[in-house]
Amino acid sequence: MTTKLENPKSHVERGYDIVADQYLAWTSPRQTPVRTGLVTDLLKNLPAGADVLELGCGAGVPCTQVLVDHGLIATLIHGDMLTLDFAQASFDAVLAFYSIFHLPKEEQVLMIAKIKGWLKPGGWVLCNFQEDAGDMTYEGWFNFKPSITMFSSGLGVEGTRDLLNKQGFKLAVDEVMIDEVDIETVGQAEERFHWVMAQKGDVHD
């Protein structure tokens, strides 16, 4: 649904905090082939000992664990991703799964600009976005108990594609796909998302 939600990011934070254990119990045994396949492809493009930032890692499974298994060192930082501050050209890659679309769409524009600045020349961004344009509010999200309200937002596929192109990214993956998981008591997650893997230009801006 699309009802107006005041301070939507506070609902996202509160919601995940309330259902953290249930969410982890549901997601940790599930295979997500689109996401894991793209992470595998990304790792092939990264140098040994790459510096990687993951925005919205949750409990660290599966993707943070995959990165650690490949020899990367994980440091966890709690906070609003938009308030993070890193030096320019700090990272070989930035990952963000099921996280950027919890920002209001106006803030997503700012977030992509920050990611571009944090990436080294030739660095990669791998993330997924909401397929549809606009704000979405979900009451009783996934039938978790206690009931929570969840928020997501997006520029739409064309809007996101246009944003990345304007920021100078070269799109290697640009596709709407379903990352299927099994049906559980909390509901069925077979939503379509806009998946993107894109490379920053080779020249410093």
Subset of the stretch 130-149 that is in a loop (DSSP other than H, G, I, E, B) and of a type outside the set (Lys, Arg) - its residue that is farthest from TYR98 (Cα to Cα): PRO146
Restricting the stretch 114-141 to residues that are closer than 22 Å to THR36 by Cα, in contact with a Lys or Arg (Cβ under 7 Å, 6 or more places away or on another chain) and not small (Gly, Ala, Ser), the one surrounded by the fewest Cβ atoms within 10 Å (Cβ to Cβ) turns out to be GLU131
Going through the stretch 142-169 in order, the residues found to be surrounded by 14 or more Cβ atoms within 10 Å (Cβ to Cβ) and either over 20 Å from GLU107 (Cβ atoms) or of a type in the set (Asp, Glu) (or both) are PHE142, PHE144, ILE148
Could you check the stretch 21-52 and list, in sequence order, the residues that are part of a helix (DSSP H, G or I) and hydroxyl-bearing (Ser, Thr, Tyr)? TYR23, THR27, THR36, THR40
Go through the stretch 1-22 and give me each residue that's hydroxyl-bearing (Ser, Thr, Tyr) and modelled with pLDDT of 90 or more. SER10, TYR16
In the stretch 86-107, is there at least one residue being modelled with pLDDT under 95 and in a helix (DSSP H, G or I)? no
Would you mind telling me which numbered condition in (1) under 18 Å from the mean Cα position of the chain (by Cα); (2) surrounded by fewer than 17 Cβ atoms within 10 Å (Cβ to Cβ) ARG35 fails? (2)
Some residue of the stretch 56-66 being buried (at least 18 other Cβ atoms within 10 Å of the Cβ) and either in contact with an Asp or Glu (Cβ under 7 Å, 6 or more places away or on another chain) or more than 16 Å from ALA96 (Cβ to Cβ) (or both): yes
Determine if the stretch 150-166 includes at least one residue that is modelled with pLDDT of 95 or more, within 23 Å of LEU43 (Cα to Cα) and either in a strand (DSSP E or B) or in contact with a Cys (Cβ under 7 Å, 6 or more places away or on another chain) (or both). no
Is it the case, given these coordinates, that THR75 is within 25 Å of VAL157 (Cβ to Cβ), at pLDDT below 90 and among the polar types (S, T, N, Q)? no
If we keep just the residues of the stretch 167-205 that are more than 24 Å from LEU46 (Cα to Cα), of a type in the set (Asp, Glu) and more than 20 Å from the chain's Cα centre (by Cα), which is modelled with the highest pLDDT? ASP182
Counted residues, the stretch 127-149 - those being of a type in the set (A, V, I, L, M, F, W, C) and either under 28 Å from THR40 (Cα atoms) or in contact with a Leu (Cβ under 9 Å, 6 or more places away or on another chain) (or both): 3
Expected output for the stretch 53-74 (first residue assigned to a strand (DSSP E or B), partner crowded, with 19+ Cβ neighbours inside 10 Å and of a type in the set (Gly, Ala, Ser), Cβ below 8 Å, 6+ apart or cross-chain) is LEU53/ALA93; GLU54/ALA96
Filter pass, GLY49 being surrounded by fewer than 16 Cβ atoms within 10 Å (Cβ to Cβ) and at positive phi: yes
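The values are calculated or read from the model by the stated rules, or taken from the named source; none is laboratory data. Computed from a prediction, not measured in an experiment: that's the story for all the values here. Quick reminder, even Gly has a Cβ in these numbers, built from the backbone with ideal geometry, and neighbours come from all protein chains shown.
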